[in-house]
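The values are calculated or read from the model by the stated rules, or taken from the named source; none is laboratory data. Note that the coordinates shown come from a computational prediction; the quantities given were computed from them, not determined experimentally.
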Amino acid sequence: TVRELGPVALIEMLVFLVILFLGLVYAWGKGALAWDMPLKKGGTA
């Protein structure tokens, strides 16, 4: 039933969000989220 699934679903959602957050932290640490990327020589935006 839905009441029995509640705690299990909550734990699964939390695990999923933790995995997404760790991926975001990893990408941020690698510089993949840098908005001020240098342009190539003679290039335009």
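Evaluation of residue 26 against the conditions (1) more than 16 Å from the chain's Cα centre (by Cα); (2) aromatic (Phe, Trp, Tyr); (3) modelled with pLDDT of 90 or more shows that the sole unmet condition is (1).
Might you let me know whether the range 2-15 holds any residue that is modelled with pLDDT under 90 and in a loop (DSSP other than H, G, I, E, B)? No, the range 2-15 contains no residue that is modelled with pLDDT under 90 and in a loop (DSSP other than H, G, I, E, B).
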